[in-house]
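Following: one structure in structure tokens, then a few remarks.
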């Protein structure tokens, strides 16, 4: 590897992660006022009559499973060699992919919405995470298949991963919940929704 190649490679990971942070949270810009508050255990646990705050919290929590690792860039020393750069990116993609899969599992178990329109929001989030799982699986496969002894091969894989990040359409539960007044009020009190809103506010622009 030449001396001119290494600096370009060592800045790729944080740059890719920053770009992904912007893409992930681009749609999650709804600011939710209020402060987190404990809620009693809902009875029933799902459907009409259940606690909309607890339900909204589960929806936002499922998206947080993906958003938190996606917006947490990995550390990479300036002196990192090519195999380390490749491995770091692969590990990062694997962590994000695991978060996507966790989020999908949580959405499957979320239960029926207590308010009309909520089930459609879950469907949109589930569909978005399904596409993200496909995208990140493909990006990780490409990075893993690159030849660590060939800088051009690794750079091509990282560039392809960057293109994947630029094209993603993340779930936007805050906007979906805001479309229904009762669910918007529930989101304003839901801890996970407030955390998702705060994560969006601190994301790089």
Exercise. Over region 76-175, what is the relative contact order in whole percent, taking alpha-carbon pairs under 8 Å and six or more residues apart?
Worked result: 34 percent
Seminar exercise, completed: Residue span residue 45 to residue 175: 0.36 nm per residue of separation minus Cα-Cα distance leaves a gain in nm of 44.4 nm
Exercise. How do 46-58, 88-100 rank on mean C-beta neighbours within 10 Å, highest first?
Worked result: 88-100, 46-58
Exercise. Quick one: if the Förster radius is 35 Å, what FRET efficiency do residue 150 and residue 127 give, using the C-beta to C-beta distance and rounding to 0.05?
Worked result: 0.40
Exercise. Taking the Cβ-Cβ separation of residue 108 and residue 84 as r and a Förster radius of 35 Å, what is the calculated FRET efficiency to the nearest 0.05?
Worked result: 0.45
Exercise. Beyond 22 Å, what percent of the Cα pairs of region 68-164 remain?
Worked result: 40 percent
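Coordinate-derived values only; no laboratory data. Everything numeric in this text was worked out from a predicted model, so none of it was measured. Glycine also receives a Cβ, built like all others from the backbone with ideal geometry; neighbour counts cover every protein chain displayed.
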